[in-house]
Each structure stands twice: as C-alpha cells, then as structure tokens.
Amino acid sequence: MSQTSIIQDFINRKSFIELDGRARAQSLFDEGTWKELTGPFDRIESPWLPMQGITPQSDDGCIVIKGKIGGSPAVAIAFEGAFQGGSVGEVSGAKMTAALDLATKDSEAGKPTAAILLLETGGVRLQEANLGLAAVAEVISSILALRQHAPVITIVAGTVGCFGGMSLAAGVSSYTIMTREARLGLNGPEVIEQESGIDEFDASDRALIWAIHGGAQRVGMGLADALVEDDANKIAAAVRGYVLAGLPAMHRSQQVDLYRDRIAALDTSKQIDPATLRQQWGTGGGR
Amino acid sequence: MEQIKFDYPAAKRHILKKAHVGVVGSGDMEVLLEPSPAEGAHVFITTSVDGFRDTWKAVFDRFFSKFDGSVRIDINDAGATPGSVLLRLEQAVEVIEQ
C-alpha cells in the first residue's frame, strides 16, 4: 500500500472511538433493522446519584439495541464511557442483565441471538457500591447462560478501556475485539499504583501501561482475539464475522488447566517483561 | 446539584418529534426534547454546578426568542458552558425539524 493511499484511508475512515456509546452500538447493525430498548425517554435513571448530589443520565449510561447483524438476530449493550467513567450501577447493570437474559430466552426458543458488549468502563460505580457488585455477578452468570447458545462478543475500543468487574465479563466472552488504543485489565493502573506503590506500577508511564494492558499486547498474548483499527466499518465487519462464526470450539475461560500450566511455567525469579510473555503465550492464542 | 425550572407560555407551535442529544460527561450535557404535554414550553434542568440560575435563564430567553415550539425540555448537565448549551439545544432542534 502506498503512502498516499494510507493517508487517504486514514482521512476517509470513520473513527469508532470518536462515536458516543449509542452511535457505536448503532453502527454494528444491518441498516434499518435495529431499535433501542429502554431508551432515554423511558427515563430509567439511577435513583442513587441525585441523593449524592450527582447529575444522573436518562439511560444511566447503558444503551441496549436489538436488531440484526449479517441477517442474524443480535443485541448490543453499550456503556457510555463519558458518563461516570462508564461505571456499572443498579440500573445499568439491570439493563445489561435483562438484555442478556432475553437473548438467552430467544436462543432457547430456537432463535439464537448473539450479544455484543461494548465495554468502556472502570467497573462498579462506587456511589452504588454493593448494587454494582451484585450487578457484575448477575451479568457474568447471564453471559455464561447465553454463551451456551450464541456467541457473546466484547468490544473494547477505548479510550476509557475496560477494567474492574466488567473486565471479568470480557474474560468470559466468546470473543474479544480490541483496538490498539484500548486497554483491558482487572485492576486499572492508578489502582495498582495506589495500592502497591509507584515502584510496582507507574500510572503516569503510558508506554508501560499500554505495553501491559494495551490491545496489541492483549491480542499478542492470546487474551483477546482480534486487533482491529479504529474504524467503524472494520469493527462492524469483525463483529459480523464472529456472529456468523457462531460459538468457538471452546471458550477461553474454560481452559483452566492450560492457563494454570502456563502460569506455573513462568520463571518468576526475574522480572517478566511484556515481550517475553507474548512470545511464550502468544502462539496458540489460548484456543 | 441544583434543579431549575422555566416556563415559556408564548411558545405554542405544535411539535411532533422527539430528540435526544449529548452525554452527561464533563463539560457536556444531555437534552431530551419532546412535544409538551401541557400548553407552552417547559424546561427542567438538573445541573451539577450550583448558583447559575440567571445564566441558564439568559440562555433559554435567547433560545426561545427564536424557537417557538411547544416542547418539554429536560437537561442533565455536567458543567456545560453557555455556548455548549446553546449548541446542544440547536442540535436537538435540528433533529426534530429534519
């Protein structure tokens, strides 16, 4: 590809990251097939945020859209990263769980319905602490129920990334799609630094953070499946591919022995660096 | 957090469509614009920044000097500047008048 055509592609590309949660979810569906469920005008807001002096959002930062992808039924559940860091509260968690359970119900009735999770989230909403934690447990059990029938596809596009309880949801998904800009991890860099000190993890060192949590490393290590450019058409095509592919032969989270053996085989006498880990784990990709 | 309400009884033009634009992110806000169930236009604001009632009033006085739709407007605001507020309102109007 010549330099001019790369530049042209870059200019003409429709960025996925620049879209808000709603537009991201809409961009995945076949044209004219989707509709939003419990949208903003249903006004199902968090009752807990105003009590703490925080402005709520009319959809609680969780967008649920039902439609068709490549002709197959699918539901997309998107977290809006700009609202309260995409955090999971009582309402947003309940919307996600209900959508996944309805997809399971349809799948059991003979209409396999894939779920696409667009996770831009720091995890549980601290203002709704226990309710958010309960929501994460429900979401994961709903994903485990659905993934027996239809694929659950997680997209982490950035720039918030996917951390905390929702990183577990990504972990139990059938497929995970990431961009180079995205990050995926259980504890976010600032949490690690706060808990274990700056010697353990320097949250201001962007090169270090992306070398560990970044999309290229996660896909390179086989902990995510596809590294896609920040391009709405390419991400939609990757999702379509996985919806049509159906279930993987085995889910990553079912391969407990494989990962136990891999961890046991690591030489912890010296500092393990991202490149080595990618070399050791990358081949085979956990499938 | 402060809640503010304004009424513009002179805005009587019948509106059919709904619009939702924006996100309650830092320096931004969401607008829900829909046909008013009552006579005239009614505005309900929930804002994270206290003490700017007069500024909100000035923004809406200016908005309703040009717009005459009988609408209900709900705003959830996370510190949008008056300029951003007007842009979001105009964006919502663009959606309903497409």
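In segment A:182-206, how many residues are more than 28 Å from A:A134 (Cβ to Cβ) and touching a strand residue (DSSP E or B) at 6+ places or on another chain (Cβ under 8 Å)?
0
Within the set of pairs 6 or more residues apart or between chains, which connect a residue that is farther than 16 Å from B:A10 by Cα and modelled with pLDDT of 95 or more inside segment B:53-70 to a residue that is buried (at least 20 other Cβ atoms within 10 Å of the Cβ) and not basic (K, R) with Cβ atoms less than 7 Å apart?
Note: pairs meeting the criteria are B:W56/B:I45; B:V59/B:V85.
Among the residues of segment B:1-26, which ones are more than 10 Å from chain A (Cβ to nearest Cβ) and assigned to a loop (DSSP other than H, G, I, E, B)?
Those that are more than 10 Å from chain A (Cβ to nearest Cβ) and assigned to a loop (DSSP other than H, G, I, E, B): B:P9, B:A10, B:A11, B:K12, B:H14, B:I15, B:L16, B:K17.
Being aliphatic (A, V, I, L, M) and assigned to a loop (DSSP other than H, G, I, E, B) is the filter; apply it to segment A:39-63 and report the residue that is farthest from the other protein chains (Cβ to nearest Cβ). Before you say what the answer is, go through the steps one by one.
At the first step, the residues of segment A:39-63 found to be aliphatic (A, V, I, L, M) are A:44, A:49, A:51, A:54, A:63.
Still in the list and also assigned to a loop (DSSP other than H, G, I, E, B): A:44, A:54.
Numbers: A:I44: 13, A:I54: 7 Å.
Filtering segment A:39-63 for residues that are aliphatic (A, V, I, L, M) and assigned to a loop (DSSP other than H, G, I, E, B), the one farthest from the other protein chains (Cβ to nearest Cβ) comes out as A:I44.
Being exposed (fewer than 11 other Cβ atoms within 10 Å of the Cβ) and among the basic types (K, R) is the filter here; which residues of segment B:1-56 pass it?
B:K5, B:R13
Scan (1) within 14 Å of chain B (Cβ to nearest Cβ); (2) of a type outside the set (A, V, I, L, M, F, W, C); (3) over 17 Å from the mean Cα position of the chain (by Cα); (4) assigned to a loop (DSSP other than H, G, I, E, B) for the single condition A:E36 breaks and write down its number.
(4) is the only condition that A:E36 fails.
Given the criteria buried (at least 24 other Cβ atoms within 10 Å of the Cβ), part of a strand (DSSP E or B), on the phi < 0 side of the Ramachandran plot and at pLDDT 95 or above, does A:A103 qualify?
Numbers: buried (at least 24 other Cβ atoms within 10 Å of the Cβ): yes; part of a strand (DSSP E or B): no; on the phi < 0 side of the Ramachandran plot: yes; at pLDDT 95 or above: yes.
It is false that A:A103 is buried (at least 24 other Cβ atoms within 10 Å of the Cβ), part of a strand (DSSP E or B), on the phi < 0 side of the Ramachandran plot and at pLDDT 95 or above.
Evaluate segment A:213-226: report whether one residue or more is modelled with pLDDT of 95 or more, surrounded by fewer than 17 Cβ atoms within 10 Å (Cβ to Cβ) and under 19 Å from the mean Cα position of the chain (by Cα).
No.
Take segment B:27-83 and flag every residue that is polar (S, T, N, Q) and either more than 11 Å from chain A (Cβ to nearest Cβ) or more than 25 Å from A:G39 (Cα to Cα) (or both). Even if it seems obvious, please write down each step before you answer.
Pass one, segment B:27-83, residues polar (S, T, N, Q): B:36, B:46-48, B:55, B:65, B:70, B:76, B:81.
The answer is B:S36, B:T55, B:S65, B:S70, B:T81.
Can you find even one residue in segment A:253-263 that is closer than 30 Å to A:G67 by Cα and within 16 Å of the chain's Cα centre (by Cα)? Can you show your working first?
Our first condition is that a residue be closer than 30 Å to A:G67 by Cα; within segment A:253-263, this holds for A:253-254.
Imposing the further condition that a residue be within 16 Å of the chain's Cα centre (by Cα) reduces the set to A:253.
Within segment A:253-263, one or more residues are closer than 30 Å to A:G67 by Cα and within 16 Å of the chain's Cα centre (by Cα).
Is there any pair linking a residue in segment A:64-90 that is within 14 Å of chain B (Cβ to nearest Cβ) and under 17 Å from A:F29 (Cα atoms) to one that is in a strand (DSSP E or B) and of a type in the set (D, E), with Cβ under 9 Å and at least six apart or on different chains, and which?
Filtered contacts from segment A:64-90: A:I65/A:E36.
I'd like the residue in segment A:174-190 that is in a loop (DSSP other than H, G, I, E, B) and hydroxyl-bearing (S, T, Y) and, out of all such residues, is surrounded by the most Cβ atoms within 10 Å (Cβ to Cβ). Walk me through it before giving the result.
Pass one, segment A:174-190, residues in a loop (DSSP other than H, G, I, E, B): A:174, A:179-182, A:185-188.
Keeping just the survivors that are hydroxyl-bearing (S, T, Y) gives A:174, A:179.
Numbers: A:S174: 23, A:T179: 25.
Checked segment A:174-190; the qualifying residue surrounded by the most Cβ atoms within 10 Å (Cβ to Cβ) is A:T179.
Residue pairs, Cβ under 7 Å, 6 or more apart or interchain, first in segment A:134-146 and surrounded by 16 or more Cβ atoms within 10 Å (Cβ to Cβ), second hydrophobic (A, V, I, L, M, F, W, C) and outside any helix (DSSP H, G or I). List them.
A:A135/A:V88; A:V136/A:V88; A:V136/A:V124; A:I140/A:V172; A:I143/A:V152; A:I143/A:V172; A:L146/A:A115; A:L146/A:V152
Quick one: is B:A80 buried (at least 16 other Cβ atoms within 10 Å of the Cβ), of a type in the set (A, V, I, L, M, F, W, C) and at pLDDT 95 or above? Quick ask: steps written out before the conclusion?
Values: buried (at least 16 other Cβ atoms within 10 Å of the Cβ): yes; of a type in the set (A, V, I, L, M, F, W, C): yes; at pLDDT 95 or above: yes.
So B:A80 fits the description; yes.
Would you check which residues across segment A:79-98 are within 18 Å of A:L133 (Cα to Cα), among the hydrophobic types (A, V, I, L, M, F, W, C) and crowded, with 21+ Cβ neighbours inside 10 Å and list them?
A:F79, A:V88, A:V91, A:M96
Please go through segment A:6-33 and pick out each residue that is within 13 Å of another protein chain (Cβ to nearest Cβ) and in a loop (DSSP other than H, G, I, E, B). Spell out how you get there, then give the answer.
Taking segment A:6-33 as the starting set, the residues that turn out to be within 13 Å of another protein chain (Cβ to nearest Cβ) are A:18-24, A:26.
Of everything in segment A:6-33, those that are within 13 Å of another protein chain (Cβ to nearest Cβ) and in a loop (DSSP other than H, G, I, E, B) turn out to be A:E18, A:L19, A:D20.
Take the residues in segment A:106-131 that are of a type in the set (A, V, I, L, M, F, W, C) and in a loop (DSSP other than H, G, I, E, B), then tell me which one is farthest from A:T38 (Cα to Cα). Reasoning before the result, please.
Narrowing segment A:106-131 to residues of a type in the set (A, V, I, L, M, F, W, C): A:109, A:114-119, A:124, A:126, A:129, A:131.
From what's left, in a loop (DSSP other than H, G, I, E, B): A:109, A:119.
On the way: A:A109: 23, A:L119: 18 Å.
My answer is A:A109.
The values are calculated or read from the model by the stated rules, or taken from the named source; none is laboratory data. Just so we're clear, the structure is a prediction, and the values are computed from it rather than from any experiment. Counting neighbours? That spans all protein chains shown, and the Cβs are built from the backbone with ideal geometry, glycine included.
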